[in-house]
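K.L.:
Here it is: the structure, laid out below.
The values are calculated or read from the model by the stated rules, or taken from the named source; none is laboratory data. Quick caveat, the model's predicted, so the values are computed rather than measured. Counting neighbours? That spans all protein chains shown, and the Cβs are built from the backbone with ideal geometry, glycine included. Heavy atoms of the whole protein, side chains included, go into the accessibility calculation; ligands, DNA and RNA do not. Shrake-Rupley method; radii C 1.70, N 1.55, O 1.52, S 1.80 Å.
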Amino acid sequence: MTDQAERARTFHSLHVKGNPIVLYNAWDPGSAKIVEKAGAKAIATGSWPVAAAFGYADGEKIPLELALDNIKRIVAAVDLPVTMDLEGGYGVEPEVVAQTVTRALQAGAIGFNFEDQIVGGTGLHEIAVQVKRVEAAAAAVKASGIPAFLNARTDIFLKAKPDAHDRALLDQAIERAHAYEKAGASGFFAAGLGDEGLIEALCKATALPVNIIALAHVPPRQRLAELGVARISHGPVPYRQMAEWLEAKARLAISG
């Protein structure tokens with residue numbers, strides 16, 4: 001536990017506004033070791049790549065047991081902090097979320113993403129509902145004795161096309177950031193947000209370290225740092241690029 005706790009503290013320290021930690025998302029022990037060899041300071045999984053690597057669709061379709069076993073193997077394969085994408089916690093009720101978080105920590109994770117969209121449904125959980133879920137996750141972290149990093153993700157910006165991102169959506173995101181911070185979140189993940197002005201405003205509006213995904217419409221790393229971002233992740237992009245490469249090579253080999 002001491003080693004896991006130390007890795008958790010190290011992971012927290014890597015989140016610095018203006019000097020973001022870069023997480024090039026892995027999906028299994030092999031990919032995690034490759035990312036570690038490349039000089040990563042921590043390993044993060046993404047729910048989409050992990051599910052796809054095991055033949056499942058995203059959205060908590062991969063059995064939790066399998067996802068946890070995968071994390072356990074990744075933790076054993078690398079000498080870095082490992083944070084897990086827990087999607088919506090594999091259940092709506094706070095008690096279920098707490099159980100899932102506890103099991104992830106028992107598997108060796110030192111942090112996790114936790115989203116506010118309704119998995120398998122539409123829209124987002126109401127703030128009051130999601131706050132109780134975040135509180136349950138934070139309580140499970142405290143009870144474990146591991147100072148894990150609870151990265152509270154909002155799907156507000158993923159639910160709208162980039163050209164529809166505006167101040168109204170930002171205000172909704174900021175309201176959620178403040179609520180999740182009070183509930184015990186360690187960071188705020190604005191998945192899909194790419195507008196420079198909105199990113200900068202969000203980073204200034206919350207004390208939480210802000211996480212942005214490096215998608216095609218998102219500013220480059222250095223610019224994100226200048227805007228105050230503390231964490232840059234790559235989500236499903238590495239797996240998708242690998243899959244495209246593999247398919248192209250396979251087609252070439254098969255067709256001769």
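K.L.:
On the given criteria, is ASP58 open to solvent by 50 Å² or more (accessible area, probe 1.4 Å) and modelled with pLDDT of 95 or more? Reasoning before the result, please.
P.N.:
Values: open to solvent by 50 Å² or more (accessible area, probe 1.4 Å): yes; modelled with pLDDT of 95 or more: yes.
So ASP58 fits the description; yes.
K.L.:
Looking at (1) over 18 Å from LEU124 (Cβ atoms); (2) touching a residue at least 40 places away in the same chain (Cβ under 8 Å); (3) not polar (S, T, N, Q), which one does ALA205 not meet, given that it meets all the others?
P.N.:
(2)
K.L.:
Can you tell me which condition VAL16 does not meet? The list is (1) free of Cβ contacts under 8 Å to residues at least 40 places away in the same chain; (2) surrounded by fewer than 17 Cβ atoms within 10 Å (Cβ to Cβ), and all the others hold.
P.N.:
So VAL16 meets the others, but not (1).
K.L.:
Being open to solvent by less than 10 Å² (accessible area, probe 1.4 Å) and of a type in the set (Val, Ile, Thr) is true for just one of VAL129, VAL92, VAL97. Which residue is that?
P.N.:
Details: VAL129 fails: open to solvent by less than 10 Å² (accessible area, probe 1.4 Å); VAL92 fails: open to solvent by less than 10 Å² (accessible area, probe 1.4 Å).
The match here is VAL97.
K.L.:
Okay, moving on. I need the full set of residues from segment 108-122 which are touching a residue at least 12 places away in the same chain (Cβ under 8 Å), in a loop (DSSP other than H, G, I, E, B) and open to solvent by 20 Å² or more (accessible area, probe 1.4 Å), in order please.
P.N.:
We begin by selecting, within segment 108-122, every residue touching a residue at least 12 places away in the same chain (Cβ under 8 Å); these are 108-120.
Those still in the list that are in a loop (DSSP other than H, G, I, E, B) too: 108-110, 116, 118-120.
Once the filter is applied, which keeps residues that are touching a residue at least 12 places away in the same chain (Cβ under 8 Å), in a loop (DSSP other than H, G, I, E, B) and open to solvent by 20 Å² or more (accessible area, probe 1.4 Å), segment 108-122 yields ILE118, VAL119, GLY120.
K.L.:
Return yes when ALA205 is touching a His at 6+ places or on another chain (Cβ under 9 Å) and under 25 Å from ALA42 (Cα atoms) and no when it is not.
P.N.:
It is false that ALA205 is touching a His at 6+ places or on another chain (Cβ under 9 Å) and under 25 Å from ALA42 (Cα atoms).
K.L.:
Taking interchain pairs and intrachain pairs at least six residues apart, which have beta carbon atoms under 6 angstrom, with the first residue in segment 29-51 and free of Cβ contacts under 8 Å to residues at least 60 places away in the same chain and the second hydroxyl-bearing (Ser, Thr, Tyr) and open to solvent by less than 20 Å² (accessible area, probe 1.4 Å)?
P.N.:
Correct list of pairs: empty, since none qualify.
K.L.:
Moving on. Do any residues in segment 226-249 that are under 14 Å from ILE213 (Cβ atoms) and modelled with pLDDT of 95 or more have Cβ atoms under 9 Å from those of residues that are open to solvent by 60 Å² or more (accessible area, probe 1.4 Å) and of a type in the set (Ser, Thr, Tyr), where the two are at least six apart or on different chains, and which pairs are they?
P.N.:
SER233/TYR24; HIS234/TYR24; VAL237/TYR24; PRO238/TYR24
K.L.:
One residue is enough: does segment 57-75 have a residue meeting the conditions hydrophobic (A, V, I, L, M, F, W, C), out of contact with any Cys (no Cβ under 9 Å at 6 or more places or on another chain) and touching a residue at least 40 places away in the same chain (Cβ under 8 Å)? Please lay out each step first, then the result.
P.N.:
Our first condition is that a residue be hydrophobic (A, V, I, L, M, F, W, C); within segment 57-75, this holds for 57, 62, 64, 66-68, 71, 74-75.
Going one step further and asking which of them are out of contact with any Cys (no Cβ under 9 Å at 6 or more places or on another chain), we end up with 57, 62, 64, 66-68, 71, 74-75.
When the remaining residues are screened for being touching a residue at least 40 places away in the same chain (Cβ under 8 Å), the result is 74.
The answer is yes, given that some residue of segment 57-75 is hydrophobic (A, V, I, L, M, F, W, C), out of contact with any Cys (no Cβ under 9 Å at 6 or more places or on another chain) and touching a residue at least 40 places away in the same chain (Cβ under 8 Å).
K.L.:
Okay, moving on. Hey, among ALA143, ALA164, ALA148, ALA168, which residue is hydrophobic (A, V, I, L, M, F, W, C) and buried (at least 17 other Cβ atoms within 10 Å of the Cβ)? Spell out the reasoning first.
P.N.:
Working: ALA143 fails: buried (at least 17 other Cβ atoms within 10 Å of the Cβ); ALA164 fails: buried (at least 17 other Cβ atoms within 10 Å of the Cβ); ALA168 fails: buried (at least 17 other Cβ atoms within 10 Å of the Cβ).
After applying the criteria, what remains is ALA148.
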